[in-house]
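Bear in mind these aren't lab numbers, they're just calculated from the coordinates by the rules spelled out. If you're wondering where the values come from, they're calculated on a predicted model, not measured in any experiment. All Cβ positions, glycine included, derive from the backbone under ideal geometry; neighbour counts span all protein chains shown.
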Amino acid sequence: MNASDAEDPAYREVPPSPALRDAVECFWTHSTEGASARILPDGCMDILFRGDARGFSGSVVGTMTRALVTDAAPGVFVGVRFLPGEARRFLRFHAREAQDRVLRLEDVWGAPGRTLADRIAEAKTQRTRVALLEAALLAQRPHALPADGRVRRAVAALRSEGTRVAAVATEQALSARQLHRLFEEHVGAGPKVVARILRLRRALARKPTARASWAEVAADAGYADQAHLVRECRDLAGVTPSELARG
C-alpha cells in the first residue's frame with residue numbers, strides 16, 4: 001500500500017474487456033481506513049488481493065451461502081468477480097471445495113497465482129493492479145476449461161423471476177440430482193441455494209419507497225409474504241432487510 005492508492009475512490013467496479021465478458025462480471029477495487037463491512041452472498045466467486053502494511057496477499061473467495069463480515073483493519077483491495085459457474089474454468093478445481101471459504105490463491109492457481117501476486121505487489125496504483133489482473137486472465141483464457149452450456153443456461157434461468165429449480169432441471173434434460181452435482185462442481189453451491197440468493201438480491205435491489213412497502217417488495221420478488229422475506233434475509237445476510245437498508 002502506498003500514497004498513490006489515495007488517488008482511487010473507496011470502491012469502484014471496472015467492466016471486463018469483450019474477451020472476458022462471458023466469464024467475468026467485473027473487476028473491482030476497494031480501500032478502507034478501518035471500517036468493517038457486510039458482504040452479501042451473490043452466487044459468484046472472486047479472486048482478490050489485499051494490501052496492508054505487510055504487503056499484498058492473494059486469495060480465492062468461494063461462493064458464499066451466508067454473509068461475510070470483514071474485519072475493521074485498514075487495507076487496499078483489488079479483485080475480479082466471476083459470473084456464477086465461470087471461475088472453475090480458470091482455477092480448474094471443484095467449486096464446492098471453496099464454499100464459504102477463503103483459500104490462498106497459490107494453493108488453488110499455483111504458479112500463475114504466485115506470479116500475479118508478485119506483480120500486484122509491485123504496482124503503484126489500483127488501476128495498474130486491475131490491468132495486471134485482467135492481463136493474467138486473458139493469458140490464461142486459451143488454456144481455460146470450456147464453458148458448460150447447461151450450467152450457463154440454468155444460471156440464466158434462475159436469474160429470471162419466478163423460475164423454479166425443478167423447471168430448470170427439466171429444461172436442461174437433467175434430473176434434480178444431476179443439476180445439483182453440476183452446480184456444486186461449477187458454481188460452488190446447489191441450485192436451490194443459488195436461487196434463494198438471487199431472489200434475495202432482486203428483492204434488496206428494489207427496496208421500499210414512498211409507494212412500495214417491504215410487503216410489496218416481497219410479493220414482487222416471489223416471496224410468500226413479508227415474513228418470508230425477513231426470514232430469508234436473516235438466514236442469508238444475517239440481518240433483516242430494514243437493517244440492511246439502514247446500513
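Quick notes on this structure:
- Among residues of segment 220-247 being outside any helix (DSSP H, G or I) and of a type outside the set (D, E, K, R), the one that is surrounded by the most Cβ atoms within 10 Å (Cβ to Cβ) is Tyr223.
- Screening Gly43 on (1) closer than 19 Å to Ala139 by Cα; (2) buried (at least 18 other Cβ atoms within 10 Å of the Cβ) shows it passes everything except condition (1).
- Qualifying residue in segment 98-114 (condition: over 19 Å from Ala144 (Cβ atoms), crowded, with 21+ Cβ neighbours inside 10 Å and out of contact with any Cys (no Cβ under 9 Å at 6 or more places or on another chain)): no
- From the options Val193, Val217, residue that is within 30 Å of Leu103 (Cα to Cα) and part of a helix (DSSP H, G or I): Val193
- Within the span defined as segment 144-163, one or more residues are surrounded by 15 or more Cβ atoms within 10 Å (Cβ to Cβ) and among the acidic types (Asp, Glu).
- Each residue in segment 133-142 was checked for being surrounded by 16 or more Cβ atoms within 10 Å (Cβ to Cβ) and not small (Gly, Ala, Ser), and 4 pass.
- Condition check for Ala121: surrounded by fewer than 16 Cβ atoms within 10 Å (Cβ to Cβ), of a type in the set (A, V, I, L, M, F, W, C) and touching a strand residue (DSSP E or B) at 6+ places or on another chain (Cβ under 6 Å): yes
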